[in-house]
Amino acid sequence: METTAVKSNFKSEEYFINMGPQHPATHGVLRLLLTIDGEIIKKVEPDLGYIHRSIEKMCERDSYQQIVHLTDRMDYLSSHINNEAVCLTVENALQLEIPDRVQVIRTILSELTRIASHCLWWGVMGMDVGALTTYFYGFRDREMINDIFEETCGARLTMNYNIPGGLMFDIHPNFVKRTKEFITHFKTKLPEYDTLLTGNIIFQKRTKGVGILSKEDAISFGASGPVGRASGYSCDVRKHHPYSAYDRVTFNEALKTEGDTFARYQVRIQEMWESMAIIEQLIDNIPEGEHKVATNAVIKLPKGEFYQKVETARGELGVYIISTGTKNPYRVKFRSPGFSNLSLLNHIAVGGKIGDLVASMATLDLVIPDIDR
Amino acid sequence: MSYFSDIYNGIKTLLTGMSVTGKYFLTSRKGAITQQYPDNRDTLKMFERFRGEVVMPHDENNEHQCTGCQKCELACPNGSIEIIWDRGIDEATGKKKKFIDKHVYHLGLCTMCGLCIEACPTDAIVWAQNYENSTYDRTQLTKVLNRPGSKVKAGVED
């Protein structure tokens with residue numbers, strides 16, 4: 001009798017803690033307001049704006065060539081793909097005929113960017129769930145891609161290699177050789193990733209059944225990229241709305257139906273294999289030709305609204321330009337994948353533990369400058 | 001029972017992972033992957049396209065190729081380049097001609113986008129491959145690219 005009275009009186013209290021903005025697991029300056037009951041998460045509220053630089057507003061000030069370099073600073077891990085998105089929008093608006101050579105080189109570089117981004121994600125993912133070694137392995141392979149970029153584009157992270165109308169300059173003579181070297185190297189290293197982390201029971205226990213996102217929720221939250229595909233939502237822009245040279249390569253869209261953290265992990269590993277397959281199909285026959293088509297020094301888009309979406313390493317990036325016919329855009333809007341993917345964090349984290357939140361956040365692969373812009 | 005099999009599987013997969021790291025521990029040489037940065041300054045060579053900072057090459061007669069057309073200034077997205085120019089008499093033709101007084105380059109503002117170098121019609125400015133740009137005083141990051149007393153090379157027209 002006595003014990004039941006004690007039990008009914010026993011209650012825990014909800015309390016509130018800050019995670020971030022300087023928390024290593026948030027991968028940047030993201031602040032999460034957690035309402036927790038003991039270790040159980042009741043509510044996650046992301047607080048944004050710590051790295052807001054008003055890129056969209058700055059685009060209204062700049063000419064169309066100058067916009068491109070700002071997009072490097074959004075999702076800095078897939079900066080080449082961001083540049084391509086802006087260039088494609090401008091080129092479509094001008095109805096430019098882009099040479100095959102440019103399209104193929106852009107596709108190869110995009111896929112290299114994707115592999116580099118996923119390498120970094122894999123390293124950080126391991127570190128978030130407590131495996132420090134993965135970080136070094138991920139960065140070792142990413143370094144080779146960075147070297148390729150540095151040799152051809154001149155920069156390792158913010159390349160700004162695309163210009164409206166083509167590429168800033170032609171590829172370096174070593175580019176093909178180095179890319180092939182990387183593919184042969186990475187083919188032997190990617191199975192090591194599986195041995196090291198994927199098969200690990202501790203890792204699987206941390207990730208399987210954690211942060212489950214159903215297909216319906218993925219669609220209604222606007223999830224895209226590997227997050228959406230892990231829930232069985234076929235949303236690969238490269239497949240459904242091919243741009244550049246994606247219509248002339250064959251690849252499989254990595255799809256899983258579980259929707260948990262482990263499925264998102266597997267989708268990204270699978271995507272690295274697919275990216276390598278795409279590069280292999282293109283690298284041997286880069287068409288000869290010009291590396292850019294001539295545009296006016298001052299680009300003026302025709303009056304109207306233009307939209308182009310591409311698949312970055314994180315999901316669907318949309319560029320929406322409203323032009324009034326002048327040399328500056330009237331309005332530029334970026335639909336960034338990170339923002340939509342962050343919006344579902346509350347949905348998948350509630351009811352789990354704080355450790356689960358870190359694991360599921362790792363597979364959302366958030367890049368905070370992409371969310372804040 | 002699954003408690004013990006979990007422990008067994010945990011250790012087994014941990015050892016599987018450690019077989020990879022152990023292989024590297026035994027086979028890789030010391031310093032195989034990382035660079036010993038401050039010690040390898042003499043041998044460290046950047047790629048020829050590496051964007052370190054914008055420089056203006058001068059030849060042995062202290063002549064550069066900048067005509068002062070200001071295309072780089074217009075192309076720059078954030079005002080890193082300021083050209084202070086003047087008009088003078090061209091000695092060869094006797095006509096009035098624009099020439100640069102100072103080509104001011106703010107390295108602290110530069111985002112290394114490369115649009116100025118793309119825009120330059122006479123290849124007067126190029127990328128330098130230096131990578132140690134940090135200073136104690138940020139006013140040192142504002143540089144004048146043309147050397148004192150330099151003039152434009154004869155025959156360079158934009």
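Of note:
- Using a Förster distance of 51 Å, the FRET efficiency for residue A:327-residue B:5 (Cβ separation, nearest 0.05): 0.15
- Among the GluC sites (Glu not before Pro) within the range A:9-95, those in coil by DSSP and having at most 11 neighbouring Cβ atoms inside 10 Å are A:13, A:39.
- Taking the protein assembly as shown as a whole, the Cys residues whose C-beta sits 4.7 Å or farther from every other Cys C-beta are A:59, A:87, A:119, A:153, A:235, B:66, B:69, B:76, B:110, B:113, B:120.
- The range A:30-115, Cα convex hull volume normalised per residue, Å³: 132
- Alpha-carbon Rg with Dmax, taken over the range A:69-146, Å: 15.6, 50
- As a ratio to 2.2 N^0.38 Å, the alpha-carbon radius of gyration for the protein assembly as shown is 1.11.
- Site-free segments of chain B were taken between chymotrypsin sites (Phe, Trp or Tyr not before Pro) in DSSP loops having at most 15 other Cβ atoms within 10 Å, sites themselves excluded; the longest one is B:1-130.
- Angle between chain A longest axis and helix A:354-364 axis [Cα atoms, degrees, rounded to 10]: 20
- Loop-located chymotrypsin sites (Phe, Trp or Tyr not before Pro) in the range A:117-196 (DSSP state other than H, G, I, E, B) with a sparse environment of at most 13 neighbouring Cβ atoms within 10 Å are absent.
- Overall, chain A carries a charge dipole of about 420 debye about its Cα centre when +1 sits on the Cβ of Lys and Arg and -1 on the Cβ of Asp and Glu, all other atoms neutral.
- Across the range A:223-349, the convex hull enclosing all Cα atoms gives 124 Å³ per residue.
- Chain B, helix-only ellipticity at 222 nm - DSSP H runs n ≥ 4, -39,500 (n - 2.57), divided by all residues, nearest 500: -7000 deg cm²/dmol
- When Rg and the Kirkwood radius Rh are both evaluated on Cα atoms of the range B:89-132, their ratio Rg/Rh stands at 1.10.
- The length gained by stretching the chain between residue A:250 and residue A:61 to full extension, at 0.36 nm per residue less their Cα-Cα distance, is 64.0 nm.
- Rounded to 10°, Cα long-axis angle of helix A:79-94 versus longest principal axis of chain A: 50
- Equivalent ellipsoid semi-axes - Cα gyration tensor, chain B, angstrom: 56, 17, 14
- For the range A:150-232, alpha-carbon Rg and Dmax in angstrom: 19.5, 50
- Segment residue B:63-residue B:118, extension gain: residue separation times 0.36 nm, minus the distance between their alpha carbons: 17.7 nm
- The calculated pair-distance distribution of the range A:92-203 uses every alpha carbon pair, bins of 5 angstrom beginning at 0, and gives 2, 11, 20, 20, 15, 12, 9, 6, 4, 2, 0 percent.
- Gained length - residue A:293 relative to residue A:234, 0.36 nm times residue gap less alpha-carbon distance: 17.8 nm
- Computed from the Cβ-Cβ distance with R0 of 25 Å, the FRET efficiency linking residue B:39 to residue B:133 stands at 0.80.
- Across A:245, A:294, A:131, mean-square fluctuation computed from a Gaussian network of chain A (C-alpha pairs under 10 Å connected) peaks at A:294.
- Given charges at Cβ of Lys, Arg, Asp, Glu: the range A:171-256 dipole, positive-most of A:232, A:185, A:197: A:185
- Inverse mean reciprocal Cα-Cα distance (Kirkwood Rh) of the range A:228-282, Å: 11.6
- Computed FRET value (nearest 0.05) for residue A:217 with residue A:143, which takes r as the C-beta separation and R₀ as 56 Å: 0.90
Bear in mind that the values in this text are calculations on the coordinates, not laboratory data. Quick caveat, the model's predicted, so the values are computed rather than measured. Methodologically, a virtual Cβ is constructed for each residue, glycine included, from the backbone with ideal geometry; neighbour enumeration extends over all protein chains shown.
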